[in-house]
């Protein structure tokens, strides 16, 4: 059996941490807002797919168009880059 050891703060970040940072941007005041926007968009997507496959196709399409709207709102209120 192999033994699992915890890495200290001096170790480089793992692949998951790098992937999260590439999506959310660097940690800071806007990271939580970006995470909430992505969570809302993901929940909307899952709800849309659920409605579609449950036979409520029109409702699924309606909820599905929320996803780009939520992401656009997130880009407006929580931009990733420096203010210019």
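Coordinate-derived values only; no laboratory data. Since the structure is predicted, the reported quantities are computational estimates derived from the model, not experimental observations. Note that we place each Cβ from the backbone using ideal geometry, even for glycine, and neighbour counts take in every protein chain shown.
Note on residue 61 and residue 40: their simple-model spin labels are 2.5 nm apart, each label 7 Å out from Cα toward Cβ.
Which of 70, 65, 43 comes first, and how do the rest follow, when ranked by fewest Cβ neighbours within 10 Å?
Working: 70 20, 65 11, 43 14.
Listing 70, 65, 43 from fewest to most nearby Cβ atoms yields 65, 43, 70.
A Förster radius of 30 Å combined with the Cβ-Cβ distance from residue 54 to residue 21 puts the calculated FRET efficiency at roughly 0.25.
Direction-averaged shadow area of the convex hull around the Cα atoms of region 37-79, nm²? Mind dumping the intermediate values first?
Working: hull surface 9.8 nm².
Result: 2.4 nm².
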